[in-house]
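Have a look at the structure below, then the notes.
None of the figures in this text is laboratory data; all of them are computed from the coordinates on show. No experiment lies behind these values; they were computed from the predicted model shown. Cβ: placed from backbone, ideal geometry, glycine included. Neighbour counts: every protein chain shown.
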Amino acid sequence: MASNKNKMSLRDDLTCAICYDLFKEPVMLGCMHHFCKRCITTYWRSIRGPVSCPQCRQEFPSKQFQTNYLVAGLVEKVRATSSDRYVKNLEKQIKDTLKLQRSQRDEFIGMIRKDNEQLDLIRQCVAELQERVHGDFQALHHFLEVEEAAVLEELNREQEAMVEEMGRHLEGLQEAVREAEQNLQALQQAIGSTDHNVLVELPELNSRASLQAIKGPDIDVSAFRSKYMAPLQYTMWRKMFKFLRPGPAPLTFDDDTAHPSLLLSQDKTQVVEYEGILPYKLNPKRFIQCINVLAAQGFQSGRHYWEVAVGNKPKWDLGVALEAVDRQVRVKLCPENGYWTLRLRNGNEYSAGTQPWTPLRIGSSPQRIGIFLDCEERQVSFYNADSMTLLYSFSSGPRGKAFPFFSTCLSDRGQKPLPIRILHSPTVAL
Ligand SMILES: [Zn+2]
Ligand SMILES: [Zn+2]
């Protein structure tokens with residue numbers, strides 16, 4: 001508004017007092033008043049008498065004025081900014097800017113909403129995780145408390161048994177001392193009697209207690225001590241290991257699914273590529289095109305974890321496959337085709353089996369890979385089982401029954417095929 005007022009007073013200043021319009025070819029008189037060149041010329045022509053200013057009446061010796069280019073320029077500016085086209089253009093510009101600002105504001109509000117939703121999601125996720133972490137630790141604490149109570153109770157029970165046995169022995173000894181004292185007394189008396197030359201018989205003595213009869217209990221404190229001085233933490237850890245949920249699943253390879261060029265160990269926990277084709281039975285479960293094998297154990301509920309020793313094998317595929325995958329065809333290993341896998345090529349090129357591959361940066365080459373399948377959460381995660389660091393996680397895992405999946409891959413020419421092994425317990429301390 002203020003600038004509009006300024007504009008109006010500027011327009012007033014640039015208005016000719018004769019024609020009441022913006023100056024046309026403004027000229028300045030000696031009194032500093034301005035008029036249109038034509039207006040002042042016409043005015044002077046129309047009057048009789050001395051030449052004067054129509055505004056302040058100052059008289060001049062002759063009809064003289066000066067062209068004022070500065071005022072002329074200002075007039076042109078005011079005229080231009082007052083034109084309909086200019087105003088319409090300006091209005092359009094303002095409307096456009098308004099629209100832009102409004103849409104920007106809406107966009108920012110949308111972003112704030114998204115941020116808030118994300119924050120809610122983070123809080124919710126953390127709360128759920130806290131509950132899960134708490135539950136898992138609670139289970140371990142409970143296990144250890146129960147075990148500790150059991151060990152201490154056993155220790156107490158053994159102590160009581162030993163104390164009871166020692167108590168019985170002590171009682172026996174005290175009884176024996178009493179009997180011996182009675183015997184002593186009787187004998188003393190007998191000696192006294194013989195001193196007086198009285199014929200007496202040998203007194204009747206207590207003979208229940210003898211040194212052999214009250215032999216001490218066979219308690220070996222040293223052996224007892226050794227029993228409880230065992231590597232208790234390790235013993236408990238091994239016990240706890242069996243109790244872990246999920247602990248390493250004791251998987252075995254399923255012979256019926258193995259490609260004919262895969263050789264399984266007797267206990268079905270090791271597989272290695274074989275140069276030729278082994279005799280096999282035709283079976284729809286068997287992989288014919290690719291050098292794959294599944295575990296005999298499939299899962300469709302619960303949480304499961306297993307570990308696979310890959311050693312320094314330079315290439316492999318590991319993961320999970322849907323029961324429904326077609327074993328007779330060669331397909332890309334990706335979730336769209338029913339496979340959730342981690343793969344290694346050329347000894348150090350790790351990638352997740354997405355479409356396209358997701359290359360992974362993994363510092364050191366894990367010798368063991370841990371695979372975690374959460375059927376309810378539909379999550380498949382891969383770990384470096386040497387350090388239990390997460391390598392990759394699929395969040396839209398299998399729907400329906402799935403089997404642990406393994407591929408030795410075809411060895412490169414001239415390279416000795418190396419085996420893949422399923423581990424049933426960790427071979428190194430974490
Ligand atoms: Zn004029
Ligand atoms: Zn004047």
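Data for the structure
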read-out: Residues of type lysines that K77 reaches as a straight line, Cα spacing below 27 Å, ignoring anything fewer than 8 places off in the same chain; value: K5, K7, K24, K37, K88, K92, K95
read-out: Largest to smallest principal axis extent of the C-alpha atoms in segment 2-81, angstrom; value: 44, 19, 18
read-out: Dipole magnitude (debye, nearest 20) for segment 255-423, charges at Cβ of Lys, Arg, Asp, Glu; value: 260
read-out: Antiparallel bridges, percent of DSSP beta bridges restricted to the chain (to nearest 5); value: 100
read-out: Peptides ranked, highest mean first, by Cβ atoms within 10 Å: ranges 67-74, 318-325; value: 318-325, 67-74
read-out: Angle between the chain longest axis and helix 69-82 axis [Cα atoms, degrees, rounded to 10]; value: 60
read-out: Whether the chain is rounded, prolate or oblate, judged on the alpha carbon gyration tensor where a/c under 1.5 counts as rounded; value: oblate
read-out: Charge dipole (the chain, unit charges on Cβ, about Cα centre) - positive-most of L251, A72, S193; value: A72
read-out: Potential extension, K227-R102 segment - 0.36 nm per residue separation minus Cα distance; value: 37.0 nm
read-out: 14 Å Cα-Cα reach of K227 towards aspartates and glutamates, excluding residues that sit fewer than 8 places from it in its own chain; value: E154, E158
read-out: Surrounding net charge for S381, when Lys and Arg each add one and Asp and Glu each subtract one, Cβ distance under 11 Å; value: -1
read-out: Centroid-to-centroid separation of segment 23-81 and segment 285-323 [C-alpha atoms, Å]; value: 101
